[in-house]
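A.B. asks: My questions will all concern the structure given below.
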Amino acid sequence: MKPDKYSKFRTSPEYREMKQEGDLFRRRIFFLGFLSSKLKEEGVDAILVGGEAIDLYTAGTFATSDIDLVVNNKGITEKLLNKFEFARQGNEIWFNSDLNVILQVIDKDYSGDLKRLKKFRVKEYELRVAAPEDLIQNRLYSAKFWKSSAQRDMEESVALLRIFEGTIDNSYLDILAKENDIEDYLAEARKYASKA
Amino acid sequence: MKAEMLLGGKTRFTVLGALADAKAPLTAYQIAIARGLDPAATYRTLAEFSEFGIARSQVKRNQRYYSLSGGPGRAAVNFLRSLETKPRSDDIEEWLSPKMRSERLSKIVRLERSRFRGDGKMQDIGKIMSRRVRGELSALIMSSKIAFDELFEEKNGVFVLKE
């Protein structure tokens with residue numbers, strides 16, 4: 001990475017545009033698209049997962065406001081976040097108080113199916129997001145085996161099932177459920193989705 | 001109505017309680033993990049609290065630490081104490097434990113079968129799903145779908161944010 005490539009982030013047109021965006025949801029996805037594109041220029045793959053991915057699919061209705069980004073090069077990502085004036089808060093959490101954007105950088109292989117990632121275009125930037133099926137599996141697994149926020153996990157699963165009922169790959173979801181021993185929870189979520 | 005709604009939600013209620021109970025300044029992340037809160041929401045709540053003088057902050061070794069302020073902060077806590085009805089666990093060690101860390105991570109990426117995995121016993125899903133007012137979840141889902149369609153349009157398999 002060239003040392004001063006992003007050193008004037010605060011005076012850049014992108015920054016000004018982000019600051020002017022009064023809607024926090026739109027500002028966050030604008031920044032995520034921007035960051036993903038800049039990471040791509042540096043040869044880093046980034047995938048939006050977890051709560052913010054669900055937030056995106058539900059347009060902020062089930063907001064958790066926690067942005068989880070899986071990257072395949074944490075070092076470059078962190079250097080870039082430094083350039084974009086993010087401060088480290090804890091091991092993986094990065095916060096830009098001026099933009100009011102918080103990111104969790106996860107240096108781990110993406111566990112879902114890369115071929116099923118959804119693409120979002122935000123202005124001229126592209127953002128790759130975990131597939132609804134993989135997010136549903138994630139939430140149901142959490143509901144069944146971790147249980148600490150079972151209501152939210154179940155509700156988000158039901159919401160994704162309902163919102164994507166026409167396009168969801170149920171065969172793939174069945175395979176995931178079997179692999180992860182969550183067939184019972186998937187059946188329940190489907191039952192509620194059909195009534196919702 | 002739940003008491004925390006008087007403060008605008010669970011996060012504010014819990015963060016305020018954490019600040020009140022803290023013997024030393026804490027980072028937002030410490031509060032989030034100790035109280036099982038969403039880290040992002042905790043940061044935002046603390047930023048709000050600082051803005052309103054409920055919390056004060058100081059930066060040490062590139063980390064921002066928060067504590068309760070004497071005036072508005074103490075007044076807010078007195079209000080909170082008058083509403084609280086049940087004791088809370090303050091065991092930060094528990095929240096920092098490998099089990100809890102694994103749990104948080106499990107919500108982000110799929111973990112391999114872990115030795116911390118719970119028993120998987122079926123919970124009463126009906127009970128879990130009945131915590132909302134009848135029709136509320138359906139309305140939220142419909143609202144999500146409408147809002148998503150208003151925000152994005154699909155072009156050749158790509159969701160494009162409308163200007």
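The values are calculated or read from the model by the stated rules, or taken from the named source; none is laboratory data. Predicted model, so just to flag it, every value in this text is computed and none were measured. Because the Cβ atoms are built from the backbone with ideal geometry, glycine has one as well, and the counts that use them run over all protein chains shown.
A.B. asks: Going by the structure shown, is A:E155 acidic (D, E) and buried (at least 23 other Cβ atoms within 10 Å of the Cβ)?
C.D. replies: Criteria met by A:E155.
A.B. asks: Hey, A:F164 hits all of (1) more than 16 Å from A:T58 (Cβ to Cβ); (2) surrounded by fewer than 21 Cβ atoms within 10 Å (Cβ to Cβ) but one; which does it fall short on?
C.D. replies: All conditions pass for A:F164, except number (1).
A.B. asks: Restricting to segment A:50-96, give me the number of residues that are modelled with pLDDT under 85, small (G, A, S) and either in contact with a Phe, Trp or Tyr (Cβ under 7 Å, 6 or more places away or on another chain) or farther than 27 Å from B:I146 by Cβ (or both).
C.D. replies: 2
A.B. asks: Under 25 Å from A:A131 (Cβ atoms), without any contact (Cβ under 8 Å) to a residue 60 or more places away in the chain and within 12 Å of the chain's Cα centre (by Cα), is that true of A:I106?
C.D. replies: In short, yes.
A.B. asks: Give the residues of segment A:110-151 that are more than 9 Å from chain B (Cβ to nearest Cβ), part of a loop (DSSP other than H, G, I, E, B), within 14 Å of the chain's Cα centre (by Cα) and free of Cβ contacts under 8 Å to residues at least 60 places away in the same chain, sorted by residue number.
C.D. replies: A:A131
A.B. asks: If I go through segment A:39-67 residue by residue, how many of them are in a helix (DSSP H, G or I), crowded, with 22+ Cβ neighbours inside 10 Å and in contact (Cβ under 8 Å) with a residue 40 or more places away in the chain?
C.D. replies: 5
A.B. asks: Could I ask something else about it? Can you tell me which residues in segment A:155-169 are β-branched (V, I, T) and either more than 9 Å from chain B (Cβ to nearest Cβ) or touching a residue at least 60 places away in the same chain (Cβ under 8 Å) (or both)?
C.D. replies: Result: A:I163, A:T167, A:I168.
A.B. asks: Considering each of A:L114, A:L127 in turn, give the residue that is surrounded by 20 or more Cβ atoms within 10 Å (Cβ to Cβ) and among the aliphatic types (A, V, I, L, M).
C.D. replies: So the residue among A:L114, A:L127 that is surrounded by 20 or more Cβ atoms within 10 Å (Cβ to Cβ) and among the aliphatic types (A, V, I, L, M) is A:L127.
A.B. asks: Please enumerate the residues belonging to segment B:39-63 that are among the basic types (K, R) and either surrounded by fewer than 21 Cβ atoms within 10 Å (Cβ to Cβ) or more than 10 Å from every other protein chain (Cβ to nearest Cβ) (or both).
C.D. replies: If the condition is that a residue be among the basic types (K, R) and either surrounded by fewer than 21 Cβ atoms within 10 Å (Cβ to Cβ) or more than 10 Å from every other protein chain (Cβ to nearest Cβ) (or both), then B:R56, B:K60, B:R61 are the ones that fit.
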